[in-house]
Amino acid sequence: MRKEFGQLEGDIQLTDHLALYGMCVGDIVIEQGGELHLYGMCAGNLDIKPGGVVVIYGMCTGTVVNNGGRLEISGMVVGNVEKKAGDTTVLPTARVGMEP
């Protein structure tokens, strides 16, 4: 799994496995086969396509949309979580739809 610690600018289409400890200033689309472990922060939206995986330990300030992948939240989502398809798990430690 690839690790990023700095700031990523712009939108990202993720097709590999990424552990993000830093910050993404933009939206992230997780494609089939892509996997994101978010320990840091995403300042945009997360869009999980069928076959994509996202585990949020940190924070997403935008909307998280599960379109058929696997989503697990134990951290914070300031925006909304839209469960359109796939498997979504919101753990008791998570905070969703709240100001930080």
Match the structure shown to one of the listed values (1) 0.93; (2) 1.37; (3) 1.00 of Cα Rg over 2.2 N^0.38 Å, computed from it, and give that label.
(1)
Chymotrypsin sites (Phe, Trp or Tyr not before Pro) within region 14-100, DSSP loop, no more than 12 other Cβ atoms inside 10 Å
none
Over the chain, calculate the relative contact order: mean separation of alpha carbon pairs under 8 Å at least 6 apart, over the residue count, as a percent.
18 percent
For region 7-100, with all protein chains present and a 1.4 Å probe, just round the carbon and sulfur fraction of the accessible area to a whole percent.
49 percent
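Leaving out ligands and nucleic acids, note down the accessible area per residue over region 47-100 with a 1.4 angstrom probe, in whole Å².
Values: 2540 Å² over 54 residues.
Accessible area per residue, region 47-100: 47 Å².
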Per residue of region 72-86, what does 6.51 cos²θ - 1.76 cosθ + 1.60 with θ = phi - 60° give for ³J(HN,Hα)? Whole Hz please, x for Gly and Pro, Karplus curve as stated.
10, 10, 10, x, 10, 10, 6, x, 8, 10, 9, 9, 7, 6, x
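The values are calculated or read from the model by the stated rules, or taken from the named source; none is laboratory data. All values derive from a computational prediction rather than experimental measurement. As a convention, Cβ positions derive from the backbone with ideal geometry for all residues, glycine included, and neighbour counts pool all protein chains shown. The accessibility values were calculated without ligands, DNA or RNA, using every heavy atom of the protein model including side chains. Shrake-Rupley method; radii C 1.70, N 1.55, O 1.52, S 1.80 Å.
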